[in-house]
Amino acid sequence: RGVAPAAPPAMEEELAAALRARGLAVGEFLDEGLRQQCVGEHAGARLWYDSAAAELHSPVLLLYPEASMSDFIQDVAEGERLADHLEEMFGEAAERSPPWDTERKYAAPALQPYLVLDADGEA
């Protein structure tokens, strides 16, 4: 699962209840290396539930196929806008674009994120 192995049982139960309440299911990683890189015990990222704020938090993997690059955001709360993260990463006019974006195509307002679902319609 996408949950760090060190999570106490009570936290695991809160997370499971929050996922059920939202009608969400967490699938298995198809690639163990990617799982370890993204949410393994040394990755620093995990799917978790903040009971005080009543919000799920999850890591987000961003792929840029055109440039054969990727980014990883360790923690995004369900109430946060992905656009705010993209603004921080790239800037309004691509002023913070990474070195691989030599043409400065990756300005936050121009980016169009997509959620990829598996064959069963699960994220």
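The values are calculated or read from the model by the stated rules, or taken from the named source; none is laboratory data. Predicted model, so just to flag it, every value in this text is computed and none were measured. Cβ atoms come from the backbone with ideal geometry, glycine included; neighbour counts cover every protein chain shown. Surface areas here come from the heavy atoms of the whole protein model, side chains and all, with no ligands, DNA or RNA. Shrake-Rupley method; radii C 1.70, N 1.55, O 1.52, S 1.80 Å.
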Practice task
Would you work out which of M69, G91, G79 lies farthest towards the positive end of the dipole of region 54-108, given +1 charges on the beta-carbon of Lys and Arg and -1 on that of Asp and Glu, about the Cα centre?
Solution key: M69
Problem - Probe 1.4 Å, accessible area per residue of the chain, Å² - result: 67
Problem - Whole-Hz couplings from phi, Karplus 6.51/-1.76/1.60, listed for region 105-111; x for Gly and Pro - result: 7, 8, 8, 3, x, 8, 7
Completion exercise
Cα-based Rg and Dmax for the chain, in Å, come out at 16.0, 49
Practice task
Keeping the other protein chains in place, figure out the carbon and sulfur percent of the accessible area of region 1-116, with a 1.4 Å probe.
Solution key: 55
Exercise for the section: Provide the descending list of Cα extents for region 29-84 along its principal axes, expressed in whole angstroms. Expected result: 38, 28, 17
